[in-house]
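S.K.: Handing you this structure, nothing more for now.
The values are calculated or read from the model by the stated rules, or taken from the named source; none is laboratory data. These numbers were taken from a predicted model, which means no experiment stands behind them. Here the Cβ is made from the backbone with ideal geometry for all residues, glycine too, and neighbour counts use every protein chain on show. Calculation scope for accessible area: heavy atoms of the full protein, side chains included, ligands and nucleic acids excluded. Shrake-Rupley method; radii C 1.70, N 1.55, O 1.52, S 1.80 Å.
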Amino acid sequence: MGSRMIINYHIPTPFAAKALACLQRVQMGLDLGFKKVVVERDNLIMIKKLQTQRQDDSVINAYIEDSKRANRGFEECMF
């Protein structure tokens, strides 16, 4: 496994911070060369947003879309 510390500034809401943390965890899995990943400990709303095909109109849309794009790098990504 691995660990990483990233300092983020100007995050608009606590929910956006969770979305960004999820994106950074997925990216770290790709960086470490994992083929399969299971994302746990995220809140249910975030998981549902990642699983839907619909465009998200919330403040965290960029984080959601980046996370979905990053997930394509895995053979299997489960939430």
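S.K.: Taking only protein heavy atoms and a 1.4 Å probe, what accessible area per residue, in Å², does the chain have with all protein chains in place? Walk me through the intermediate numbers first.
M.R.: Working: 5710 Å² over 79 residues.
Ligands and nucleic acids excluded, the result is 72 Å² per residue.
S.K.: Take a quick pass over the chain and tell me how many lysine pairs come in under 18 angstrom between Cα atoms, counting only ones 8 or more apart or on separate chains. Provide the component values of the computation, followed by the final result.
M.R.: Working: K18/K48; K18/K49; K18/K68; K35/K68; K36/K68; K48/K68; K49/K68.
Close lysine pairs under the 18 Å cut-off: 7.
S.K.: With θ set to phi - 60°, apply the Karplus curve 6.51 cos²θ - 1.76 cosθ + 1.60 along segment 14-22 and write out the HN-Hα couplings as whole Hz, x wherever there is a Gly or Pro.
M.R.: x, 5, 5, 5, 5, 5, 5, 4, 5
S.K.: Right, here's the next one. For segment 14-77, what does the convex hull of the Cα positions come to per residue, in cubic angstrom?
M.R.: Output value, Cα hull per residue: 76 Å³.
S.K.: Tell me, what ³J(HN,Hα) does each residue in segment 56-73 have, in order and in whole Hz, if you take phi through Karplus 6.51 cos²θ - 1.76 cosθ + 1.60 with θ = phi - 60° and put x for Gly and Pro?
M.R.: 8, 9, 8, 4, 8, 3, 4, 5, 5, 5, 5, 5, 4, 5, 5, 4, 5, x
S.K.: Turning to a different aspect of this structure: Would you work out the charge dipole size for the chain about its Cα centre, treating the Cβ of every Lys and Arg as +1 and the Cβ of every Asp and Glu as -1, and quote it to the nearest 20 debye? Write down the numbers at each step before the final one.
M.R.: Working: 12 positive and 9 negative charges, 20 e Å.
Once rounded to the nearest 20, the dipole reads 100 debye.
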